[in-house]
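Heads up: the structure comes next, in structure tokens.
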Amino acid sequence: MKSRRFWAGLLTVVFLVFLIFHYRFPIAKSLGSFLGKQDSLEKCDVIFAPASRIDTNFVYAVHLLQDGWGERLITTAPKLSPVTKEFREIYGMTDCSWVSVLREVFRKDKLPMEKLTILEGSLSSLTDCTLLYAHWKERPFQSVLVVTDAPHARRFRIVFDMVFRDETVKVLSCPSFPDRPLEDFFAEEEDYVMYIFTEYIKIIAYAIKYGL
């Protein structure tokens, strides 16, 4: 009797795993729509673009700045590993830094460089928010428009609220290029699926670690 229950349970689990795998893309699309937190656009003191993807976050943030949705743009630049630094030094590529690329985009779009603030040392969403908070302590702002990839928007907002706690800063979430399907930002469907499920895992991890 126990053996029969065991095999019935195992077959049920296998069948469910098969269904999830077979329909992983539509499931990911459905789950992704929840992650893409989006507020109505309002003019803010600053626009903030995390360092995760320059071709989406930063580019769309520049577009919003040009349209007058913020007075200045703050972004983060990733902290380089010792191996990456050594590689750039060996091949004479020290001028091809993330910071120089961000500034070149700004220059190409004919925006005044004083409107750009780059916070170096990004490692994660948590360090992005920590860097922004440290900057806010030195140069306070009342409102911020956060521009990040749609699947990343909700988790980033959770981390932002955790870091800024009860500070009186109005924050609005704006997914980069919100009118485009989420899957357009990934080379393959599998990349999109993995990104979505990874975001949920990270949200759960933050909830467990920080009691959110």
The stretch 121-138 residues that are more than 13 Å from F164 (Cβ to Cβ), paired with ones that are surrounded by fewer than 16 Cβ atoms within 10 Å (Cβ to Cβ) and among the small types (G, A, S) (beta carbon under 8 Å, 6 or more apart): T127/G121
Exactly one of (1) touching a Lys or Arg at 6+ places or on another chain (Cβ under 6 Å); (2) at pLDDT 90 or above; (3) not aromatic (F, W, Y) is unmet by D161. Its number? (1)
What tally of residues in the stretch 106-133 results from selecting those that are over 19 Å from the mean Cα position of the chain (by Cα) and either among the basic types (K, R) or surrounded by fewer than 18 Cβ atoms within 10 Å (Cβ to Cβ) (or both)? 9
Only residues in the stretch 10-38 that are outside any helix (DSSP H, G or I) count as the first member; pair them with residues that are at pLDDT below 75, Cβ under 9 angstrom, at least 6 apart or cross-chain, and list the lot. G36/L182
Quick count over the stretch 28-51, residues being over 14 Å from the mean Cα position of the chain (by Cα) and either over 20 Å from Q66 (Cα atoms) or of a type in the set (K, R) (or both), is 7
Okay, helices (runs of 4 or more DSSP H) sitting entirely in the stretch 107-212 with 1 or more residues that are in contact with a Cys (Cβ under 6 Å, 6 or more places away or on another chain) and closer than 23 Å to L64 by Cα, I get 150-164
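The values are calculated or read from the model by the stated rules, or taken from the named source; none is laboratory data. Predicted model only: the values in this text are computed from it and were never measured. Please note: Cβ atoms are built from the backbone with ideal geometry, for glycine as well, and neighbour counts cover all protein chains shown.
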